[in-house]
Amino acid sequence: MRDLRFWRWRRAEDDDIDREVALHLELSAEERIDAGVPDRDARLEAHRQFGSIALTKEDLRNVRTGASVERLLSHGWRDFRHGLRLLRRSPGFTLAAVLILALPIAINTVVFSLVNTVLLEPRAGRTDALVAVFSRDRERPDAYRDFSYPLYVDLRDRSGVFDSLMAHTIGLVGIREGETTRRAFAEIVSSNYFATLGVKLAAGRPFSLEEERPGANAAVVVASYAVWQRRGLDPGFVGSTVRVNGTAFTIVGVAPRGLRTTPLVSPDWWFPLGTYDRVINEWFRDGPRGLEDRANHALFVAGALRPGLTKAGADRALEGFAASLDREFPATDRKRSFVVADVPLNLSSRPQSEAPVAFFASLLVVMAALVLAIACLNLANLMLARGSVRRREIGIRQALGGGRGRIVAQLLMEGLSLSLLGVVAGLILSWWAHAAFTAWLARAAGFMAIEGVDLTIKPSARMLLVACGLAVVSTLCFALGPAWRLSRFSVTSDLKEEPGLVMRRVGSGSILVGLQLTISLALLAVGGLFVRSATEAAAANPGFGLDRLLVVSIDPSFANYDEPRTRDLYRRMLRGVQSLAGVEHASLASQVAFGEFAEGGYVEAPDRKTPDVTAGFTIITSEYFETLRLPILQGRGFSAEENERTAGSASAVISETLARRLFPDGDPLGRSITLRRGSAETGGRGNAETRELLTIVGIVPGTTQDILDREPRSQVYVPYGARFRAAMTLHVGVFAQADEAATLTNVLRELRRLDNQLPVLTARTMIAQRDASIPRWAVRTVAVVFAMFGTLALLIAAIGVYGLEAYEVARRTREFGIRMALGATSRDIRRLVLQKGLKIAAVGLATGLLLGVGIGRMVSSVLYRVSPLDPAALLFAFVVLAVATLAACYVPARRATRIAALEALRTE
Amino acid sequence: MPRDQSARLLQGTLDMLVLRALLFGPLHGHAIATHIERTSDDVLRVDHGSLYPALHRLKKRGWIAAGWERMPDRNREARYYRLTPAGRKRLATEHSKWRRLAGAIAMVMKPVR
């Protein structure tokens, strides 16, 4: 309302002034006409005598409005529009400046959102106030393991330490949707899980104590809010059924909206512990033990302490409890000690300090802020360089009585209009970046063929606040310094074109610019290394036949198949697929190259003369080596009979790489090896390790399983008859003349014919499998990120160089003019200007190359077959940066010769 | 800033002349200019462009007041300015200051031999 009144009032005042001036002119003219001057001349003379009407009106307004808030406002608005007009007049500068601001602002907001989501945002319910309990060996304080269900119940009911204690674990389940089965993240939880977390279900009820009892097998499930949303928030959702691993489960509840149990990822389904034996996937369980077994350490435990009890107090109280366990369960729970600590961000068997996360997060924030600060400094330089062109304008304004405050205010307003544009562009960019980042995370989940992982990196209100703060800060940073400096020129010297020594650069200077060149070259070089690495990886030969190979991952356990049925299914499947047209060979393997899971163990030579070797462990059917076109170098492959369950079959085929390391001298055939698996060191949950004695019957060449493999892996292959595995990958070799896509369709049709509910997780060619593999995607992502950062750094550095040079030219224009008047050619002047820029560039580029090589060495472990000294990548980065720097130097240098020539003519 | 100072001197003089012109009754802007020019035998020429800012400045300081009134001899309105009591007092001080200054200048500028 106030604003409106102000404008109306302004209008009335303006009318007064207009009327008064018009009357005056009329009276003057009349007077002259009375004196005999012709009509037209009289009017002209009257105008001439009056002088500039516009100027008078302006003066009148200034007198009238005085130093009121209105005046400040109207001035501010006018300056802002003036600033925008100036920016429109030089679109190149504006675009560069907006970009240089927008990119760091986008990076800052994304980084902030990430840190916000992971660290700052409180976790669901009262998670932050809960404690996690960890179980460790009293004699080996470093050996932690998880909890068995009976131990959890003892802790909950008998230790007297906890107000409320819950247990949970994670798994993957097969969710049937229409004709397909998808893998989904699930959590298997105790009945008091949601109550302990302190969250209320969005709909329905939590699990009952009866549903938690091991073996209860009540087919009930709680869905995530996201799942409910995907079903359109159907009011009949609670009470409906969902097919999980082939069994119908009743949905009894919906978790609260946005419930996340780890920082980024949240499960879609929660199952009661009573369904553990049915729901848990073979990847997430150790051996065949059930939930009620005290030796099955399957659960993570967290809860609320009794009021008034500290963590240290709880630790002491649990000592007594541990002592009683020694007596009661000497076989399974002896010599434990319990540690109570904060709930870790991610599920963990041991207490985690979040300090590294916090450190990493603050490092990210500092780096992002640094990028913005450097961008602002460069902009300040650029503004100063531009400002020096405007020195005369400012000098004139001062001579006309423009106060210093007004001039500073105007320059600040110009800065603000620029940074507002930058922030708006930055926000748009960051919106896009958020979406891209979320998609990036979702793709990672997508590669594992896991459906509906709820990822949440969202722009927040806090982030918008941060962005606005950044705008103000950046305005102050890059506009205030130059504004102050520019307004300090003495009127006389500027009108007389004597720059004097008043102007000095804002803080930065050549060292800063040199440093920027160094950093951007290093980033570009490392980006180049990763790009090269990605292309090399794509071209690499894994040691087996990549082409004409189809891979189809199947897990019948998601459709409730038990071992005999699964074996029968696979037997019929192999027979059926092998008889299809176009199929040369078909076989099954427990692991697939470029897959997301790798299984392995330690291999001991019988006499243990050589050190233990880590090796991949793969269960295969006959014809596997033929399917992958791997020649058998020595001995034999597996026969079709070995596909069938055989008691005590202990034959193994090993890779040549493993043979060489275990038996450097002598024939490996017929020798025996021991495969050690399942111990804590091989990634198990602390359950007893297994040892298998195997006899070597054949040798095959080593293969790489992943694009980051430097050399062929050591492998142990055992026949399907010796070991059962439900999740297998069907490998299909296709005849050269057959069509791959058509054959894949035929294979899938055959699978559906066998069982139209069969959970097929992925079906693609081996080439597609490689292209979608996480390491390859990661290498590509890293390459893109580095290239992006490198480009940003390049842009910032180029603008830095340009600003520095332009400033230099502006400062020395008069000198150049004199030089030219004294006979220097424009080439001489150009050389003079270029020289200084190139000196900085040379130093920056040289150190940048060194830094690039240094970083390259540090990341060389993930560089695929590319040396950190790769000439192509280094040369590319060097040339790009050198060209950009040269251009940034050349533009002001050219301007110098042009201006200088004019100047020489004018002043001398 | 030399230009600024000269402007102020000029301004001060103009202010005094305006106040003086209003001593005998309200006048509009054009009449004030004409009055100053006539009474100085056209020696002093008022820069019409700076007259109105001067008027508004004086008004803002409360030395003169303004209002739209019908012009006596024709059928239209003009903005008439009149001296306020504060303006009258101000004119007196300006006048004595001016007399002192003019006397001093006259003394310095004794007829040259």
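Could you tell me which of rounded, prolate or oblate describes segment A:568-621, using a ≥ b ≥ c as the square roots of the eigenvalues of the alpha-carbon gyration tensor, with rounded for a/c under 1.5 and, failing that, prolate when a/b is larger than b/c and oblate otherwise?
Prolate, because a/c is 1.5 or more and a/b exceeds b/c.
Kindly report the accessible area of segment A:543-658 per residue (heavy atoms of protein chains, probe 1.4 Å, no ligands, DNA or RNA), in Å².
39 Å²
Distances longer than 21 Å among the Cα atoms of segment A:94-201: what percent of all pairs is that?
Within segment A:94-201, distances greater than 21 Å cover 63 percent of Cα pairs.
Considering every residue in B:53-61, what mean count of other chain Cβ atoms within 10 Å of its Cβ is obtained?
Partner Cβ neighbours, averaged per residue: 4.
Estimate the FRET efficiency between B:THR13 and A:ILE33 by the formula 1/(1 + (r/R0)^6), using the beta-carbon distance for r and 41 Å for R0, to the nearest 0.05.
0.85
Of the listed pairs B:LYS59/B:LYS110; B:LYS59/B:LYS97; A:LYS311/A:LYS335, which have alpha-carbon separations greater than 29 Å here?
Beyond 29 Å between Cα atoms: B:LYS59/B:LYS110.
Magnitude of the Cβ-charge dipole of chain B, K/R +1 and D/E -1, about the Cα centre, nearest 20 debye?
It comes to approximately 460 debye.
What's the percent breakdown of Cα-Cα distances in segment B:46-107 across 5 Å bins, shortest bin first?
Calculated P(r), rounded to whole percents: 4, 15, 15, 18, 19, 14, 7, 4, 3, 1, 0.
State, in square angstrom and to the nearest 100, the accessible area buried between chains A and B, both chains counted, probe radius 1.4 Å.
2200 Å²
Give the peptides A:586-592, B:94-100 in descending order of average Cβ contacts within 10 Å, highest first.
A:586-592, B:94-100
Quickly work out the B:LYS97-to-A:ALA248 label distance, labels modelled 7 Å from Cα along the C-beta direction, and quote it in nm with one decimal.
According to this spin-label approximation, the distance is 10.3 nm.
Give me the number: length gained by fully extending A:ARG158 to A:SER672, i.e. 0.36 nm times residue separation minus the C-alpha to C-alpha distance, one decimal in nm.
Full extension of this stretch gives 180.1 nm more.
Treat each spin label as a single point 7 Å out from the Cα along the C-beta direction, and report the A:VAL424 to A:ASP739 distance in nm.
5.3 nm
Using a Förster radius of 22 Å, what is the FRET efficiency between A:ASN217 and A:ARG289 based on their Cβ-Cβ separation? Nearest 0.05, please.
Between A:ASN217 and A:ARG289 the formula returns 0.85.
Note the full-extension length gain between A:GLN634 and A:LYS609 as 0.36 nm times their separation in residues minus their Cα-Cα distance, in nm to one decimal.
6.7 nm
Using a 10 Å cut-off on Cβ atoms, rank the peptides A:208-217, A:228-237 from the highest mean neighbour count down.
For the peptides A:208-217, A:228-237, the packing ranking is A:208-217, A:228-237.
Please compute, for peptide B:77-84, the average count of beta-carbon atoms on other protein chains lying within 10 Å of each residue's beta-carbon.
Partner Cβ neighbours, averaged per residue: 2.
Arranged from highest to lowest average of other beta-carbon atoms within 10 Å per residue, in what order do the peptides A:786-794, A:40-48, A:724-732 appear?
Result, highest mean Cβ count within 10 Å first: A:724-732, A:786-794, A:40-48.
Would you mind getting me the FRET efficiency between A:GLU536 and A:ARG575? Use the beta-carbon distance for r and R0 = 60 Å, nearest 0.05.
0.90
How many nm separate the modelled label positions at A:LEU869 and A:ARG327, each set 7 Å beyond the Cα in the direction of the Cβ?
Between A:LEU869 and A:ARG327, the simple spin-label model gives 7.0 nm.
With only Lys, Arg, Asp and Glu charged, each at its Cβ (+1 for the first two, -1 for the last two), find how big the charge dipole of segment A:777-823 is about the Cα centre; round to the nearest 20 debye.
60 debye
The values are calculated or read from the model by the stated rules, or taken from the named source; none is laboratory data. This is a predicted model, so every value here is computed, not measured. Using ideal geometry, Cβ is built from the backbone for each residue, glycine included, and neighbour counts are taken over all protein chains shown. In case anyone asks, the SASA skips ligands and DNA or RNA and just uses the protein heavy atoms, side chains included. Shrake-Rupley method; radii C 1.70, N 1.55, O 1.52, S 1.80 Å.
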